[in-house]
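Reviewing the structure listed below.
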Amino acid sequence: MFLLRLLSGPAAFALTAAVPLGLSYEGRLALATFVCVIVWWMTQPMPWAVAAMLPFLVFPAAGVMNIAETMRLYGQPIFFWILGTVLMGYAIEKHGLAYRFALAFLALRGIGGRMHRLTFIYMLIVTAISMFVSDAATVAMTVPIGMSVVRHTWTMSGTARAATANFAAFITLGTFYASVAGGTATIMGVPHNAIAVAILEQVTGRQLGFFEWMIVGMPVCLALLVAFYALLWIVVPPEIRALPSGEAFLRAERAKLGPMRANEVRVLVVFAIMVALFTLPTLLEVALGSNHPVTAAAARALPVWVVPPAVLFLLFTIRSSEDGARARAGGALLSWRDAEQHGPWNTMFLVAGAVAMTDALTQFGVAETVGRMVSRLGIGATMLPYVAAAAAGIATNFISGTALFASIFVPAAQQIGFNPASMAILLGHVGVGLIFPWAGATSATAFAAGEVSIARMMWIGLAATVMLIVLVATIHLMMAPLV
C-alpha cells in the first residue's frame, strides 16, 4: 500500500508531462512537478513538508531552474504570516483570553436560559473569535466551553447522554461551522486565505488590503452564520428548549476566572496592536487621502505581510508575569518551545511550497495557459463563481487545494472579465472541507469532541457544503465590482 502511494506521484508526473498542452519544456516540467506533489499531498506517503521540497530535486536536474533560483521561489512572506497569526491565536488560547471573553458573553442576562438564544450567541462568539484566530485553534478553544454546557444540561435536567444527542451534535457542529464562517471575514481568519492573496499578487500584481477583503468577507461571514445556524436547528434541534440554571451556571464559571490577569492584559495589548497595524494604512488613506506622504509611507512600511512578524517580536519579548522565577529567567508570553510544539510547521512548508510552485507556473506561462483553456470552455463571468466555488468547495474535502484552484481560476477570471480579486477571496472562502472528519485540522478537532457520528457529520456536512458553495458564489457575483 505504501509503495502504491509513493509511486502514484511519479505516475502522475509522467502522465502530466506527456499531455500535449502547448507549453514550453520548462512549463511542462513545472506543471508535472506540481501535480506530482499534489498527488503526494493527497496520498501522503511522506509528510506534506517533505513532498513540497520536490522542486529542489527536479528543477535543477531537469534544467528548469538552477538551485539558487529554485530556492528563491521558497522565500515567501506567507510562511511567516502563518507562523505569526497561528502563534497569536495560541497566545490568546494559552493565557485564557478567549475563554474569558466567550464566558463573558454567554453569561449575559437573557442568553443562558433559552436554548435558541444560547446556541446562536455561542455560534456568534465562535465566529467573532475565528475572525482573528485560525479556525482550528478557535475550535480547540471553544469546544470545551460548549461541552461544559452540554454536561451541565445532563446534570441539571437529569437526562441521559443519549437523550440529548442532538444538543451535543448541535454544539459540536455549531462550533465547527461557526469557526468556518468567522474565517471568511478577514485575511487572517484561516491560513489558506493568505495563499489566495499571495497568488492574486503574483498573477495580477495587486496586493489586497485588510479592509478590501472584509468588504465581501463580512457579508459572507454573516450569511454563513445564519445559514449554518438554521441548518443545524432543522436537522439536529436540541431536545431541551430551556437550559436548567443555565445563566447561573455560566455566571459561576465566569466568576471562577476572577479579575483579568496581567498576562491576559498583555496579550490583549498585543492583539490590539496587531489589529491597529493591519488597519492603519487604510484608515490613513480614508483620513488623509491616498496621495498624502504619510499615507504613502504607511503603505510602504506596513504591507499586510509585515504585521505577523511584528506580532512575533512582541510575543517573544514581552515578559510573562505568571511565574516570577520563570520571568526572571527570561520567560516571555510565548517561548520557543511553544513555537516548536504549536507552530503549524508541516502546513507552513506545504503552503510555502504550493505558492512557490504557483510562482514557477506563472513564470513559465502555465497559469495563463490554463486560464485561457478555462475561458474557452464557454463559462461566462456569471457562471464562473459557481464553477470555481463548486470545484474548490468539494475538492478541499480531499486535498489542500487552495493554491491549485487559485492558480487556475484567478487567471481564468482575468481572461473572462470577472474581478480576479473577488475570485481569490472566493477561493479562500470555500477552501475548508466540511464533510469528512479527516478533511482538515478544523473538522478533526471538532469530531474529536466525540459527540457526533461520522455518518451524521458527513450528511450534514454535505448539506452545509452545498449551502457554502451557493451562498459564497452568489454573494461574490453581486459584490465583485466593489472589491
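Against the numbered list (1) assigned to a loop (DSSP other than H, G, I, E, B); (2) at pLDDT 90 or above; (3) touching a Leu at 6+ places or on another chain (Cβ under 7 Å), Ile111 comes up short only at (2).
Find the helices (runs of 4 or more DSSP H) located wholly in region 383-434 whose residues include 2 or more that are buried (at least 23 other Cβ atoms within 10 Å of the Cβ) and at pLDDT 90 or above, and list them.
On the way: elements: 384-395, 402-416, 420-429.
Those helices (runs of 4 or more DSSP H) span 384-395, 420-429.
Looking only at residues in region 41-78 that are aromatic (Phe, Trp, Tyr) and at pLDDT below 90, which one is farthest from Ala310 (Cα to Cα)? For region 41-78, the residue satisfying everything is Trp41. Quick one: Leu3 ticks every box in (1) more than 22 Å from Phe79 (Cβ to Cβ); (2) surrounded by 15 or more Cβ atoms within 10 Å (Cβ to Cβ) except a single one, so which number is it? Tallying (1) more than 22 Å from Phe79 (Cβ to Cβ); (2) surrounded by 15 or more Cβ atoms within 10 Å (Cβ to Cβ), Leu3 fails exactly one: (2). Filtering region 18-31 for residues that are surrounded by fewer than 18 Cβ atoms within 10 Å (Cβ to Cβ), over 15 Å from Leu361 (Cβ atoms), aromatic (Phe, Trp, Tyr) and free of Cβ contacts under 8 Å to residues at least 40 places away in the same chain leaves an empty set.
Residue check: Thr317 meets all listed conditions (1) surrounded by 18 or more Cβ atoms within 10 Å (Cβ to Cβ); (2) at pLDDT 90 or above but one, namely (1).
For Ala223, the requirement of being surrounded by 14 or more Cβ atoms within 10 Å (Cβ to Cβ), at pLDDT 90 or above, assigned to a helix (DSSP H, G or I) and among the small types (Gly, Ala, Ser) is met.
Ala299 meets each of the listed conditions (1) more than 24 Å from the chain's Cα centre (by Cα); (2) buried (at least 17 other Cβ atoms within 10 Å of the Cβ); (3) within 21 Å of Gly96 (Cβ to Cβ); (4) of a type in the set (A, V, I, L, M) apart from (3).
From the set of residues in region 271-291 that are of a type outside the set (Ser, Thr, Tyr) and touching a residue at least 60 places away in the same chain (Cβ under 8 Å), which is farthest from Met214 (Cα to Cα)? Full working, then the answer.
Within region 271-291, the subset of a type outside the set (Ser, Thr, Tyr) is 271-278, 280-281, 283-289, 291.
Applying the additional criterion that residues be touching a residue at least 60 places away in the same chain (Cβ under 8 Å) yields 271, 274-275, 278, 281.
Values: Phe271: 18, Met274: 16, Val275: 13, Phe278: 12, Pro281: 15 Å.
Ranking the qualifying residues of region 271-291, first place goes to Phe271.
Going by what's in this entry, would Val269 be described as more than 21 Å from the chain's Cα centre (by Cα) and of a type in the set (Val, Ile, Thr)? In short, yes. Taking (1) surrounded by fewer than 24 Cβ atoms within 10 Å (Cβ to Cβ); (2) modelled with pLDDT under 85 in turn, Ser443 satisfies each apart from (1). Candidates Leu87, Leu97, Leu106: the one that is surrounded by 20 or more Cβ atoms within 10 Å (Cβ to Cβ) and at pLDDT 80 or above is Leu87. Within region 401-429, how many residues are within 20 Å of Ala185 (Cα to Cα) and among the polar types (S, T, N, Q)? Number satisfying all stated conditions: 3. Identify all residues within region 46-63 that are farther than 18 Å from Ala354 by Cβ and not in a helix (DSSP H, G or I); write none if there are none. Of everything in region 46-63, just one residue is farther than 18 Å from Ala354 by Cβ and not in a helix (DSSP H, G or I), namely Gly63.
Restricting region 64-86 to residues that are among the aliphatic types (A, V, I, L, M) and not in a helix (DSSP H, G or I), the residue that is farthest from Ala32 (Cα to Cα) is Met65. Of the residues screened, Met478 is not one that is under 24 Å from Gln44 (Cα atoms), over 14 Å from the mean Cα position of the chain (by Cα) and either among the β-branched types (Val, Ile, Thr) or not assigned by TED's automatic domain parsing to the domain that holds Thr184 (or both).
The values are calculated or read from the model by the stated rules, or taken from the named source; none is laboratory data. Since we're looking at a predicted model, the values are computed, not measured. Quick reminder, even Gly has a Cβ in these numbers, built from the backbone with ideal geometry, and neighbours come from all protein chains shown.
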